[in-house]
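Structure first, commentary second.
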Amino acid sequence: MKTNYEIRYAAHPEDAKSYDTKRIRRDFLIEKVFSANEVNMVYSMYDRMVVGGAMPVGEVLKLEAIDPLKAPFFLTRREMGIYNVGGPGVVKAGDAVFELNYKEALYLGSGDREVTFESKDEKNPAKFYFNSLTAHRNYPDKKVTKADAGVAEMGSLEGSNHRNINKMLVNQVLPTCQLQMGMTELKPGSVWNTMPAHVHSRRMEAYFYFEIPEDQAICHFMGEVDETRHVWMKGDQAVLSPEWSIHSAAATHNYTFIWGMGGENLDYGDQDFSLITDLK
């Protein structure tokens, strides 16, 4: 196995206005989330969220405490949310064993223990996508499925945004320190998410897009309301969204995405909306 990580620094919105396409993609887009028998991570200075992925293919992969953490274990001072977006897999955390199927999620609380990832079938490997944030205390580990989620059906086909928002690793379902994660599934014929766009300066956010055909693409929108930018993305890629930025997307096909947040509060409804006609 191999662990790869990089550090991403935070940007001031005044500076980000001058970024060209290459710089925007370098600072915000996470192109390689999954590689066979690798654990890939981005350590972000946006609320110190770690965004990563593990794809075990015939090997057991260990979640290593990367150097920026300066800790004996990855979860020593951190909590973590994991989604399986591949074949059936197993996550072990200390003595606990959790089987995760497609679109099932797992919350791991802080504490000194080893975490490993493995697939049940190397021909159909699991793909574990994860977000991690600092934690001030330990909360119990818990597996969460869509059946446990708070589901909000939003939008309409006429508005091209008919979707189900599955609130899974959120404080209405289980206690967390600051991590909030969920999964939004767009219905066939709908391509817009999170429109009207909103900002929550109390929390940053990361988006992971999947379930989109290989010959299709997602256009993620970010930036301030009056200074927007776009990032073209493929499936199985993630993007960092600063607390000062909108986060929205449209695509050439319907898709699913996982959202993860961390920061000042746990209030999912804490959103400052902007009018669609105010976007520039």
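The values are calculated or read from the model by the stated rules, or taken from the named source; none is laboratory data. It should be emphasised that the depicted structure is a prediction, and the values quoted were computed from it without experimental measurement. Please note: Cβ atoms are built from the backbone with ideal geometry, for glycine as well, and neighbour counts cover all protein chains shown.
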Checklist entry - Which condition breaks for VAL42 when tested against (1) over 20 Å from ASP112 (Cα atoms); (2) without any contact (Cβ under 8 Å) to a residue 60 or more places away in the chain? => result (2)
Next on the checklist: Which numbered condition in (1) part of a loop (DSSP other than H, G, I, E, B); (2) surrounded by 22 or more Cβ atoms within 10 Å (Cβ to Cβ) is the only one that GLU79 fails?
Outcome noted: (1)
Checklist outcome for this item: Checked segment 199-216 for anything of a type outside the set (A, V, I, L, M, F, W, C), more than 14 Å from the chain's Cα centre (by Cα) and over 28 Å from HIS136 (Cα atoms); matches are GLU211, PRO213, GLU214, ASP215, GLN216
Item to check | Looking only at segment 233-250, and only at residues there that are touching a Ser or Thr at 6+ places or on another chain (Cβ under 9 Å) and assigned to a strand (DSSP E or B), the one that is surrounded by the fewest Cβ atoms within 10 Å (Cβ to Cβ) | outcome: ALA250
Checklist entry - Tell me, which strands (runs of 3 or more DSSP E) wholly within segment 156-222 include 2 or more residues that are at pLDDT below 95 and buried (at least 20 other Cβ atoms within 10 Å of the Cβ)? => result 203-210
Next on the checklist: If I ask for residues that are assigned to a strand (DSSP E or B) and within 21 Å of ARG202 (Cα to Cα), which ones from segment 1-24 would you list?
Outcome noted: ARG8
Checklist outcome for this item: Taking segment 134-155 and keeping residues among the β-branched types (Val, Ile, Thr) and buried (at least 17 other Cβ atoms within 10 Å of the Cβ) leaves THR134, VAL144
Next on the checklist: For segment 25-56, which positions are outside any strand (DSSP E or B) and either among the charged types (D, E, K, R) or surrounded by fewer than 18 Cβ atoms within 10 Å (Cβ to Cβ) (or both)?
Outcome noted: ARG25, ARG26, ASP27, GLU31, LYS32, SER35, ASN37, MET45, ASP47, ARG48
Checklist entry - How about segment 35-50: which of its residues are touching a Phe, Trp or Tyr at 6+ places or on another chain (Cβ under 8 Å) and within 25 Å of LYS120 (Cβ to Cβ)? => result VAL39, ASN40, MET41
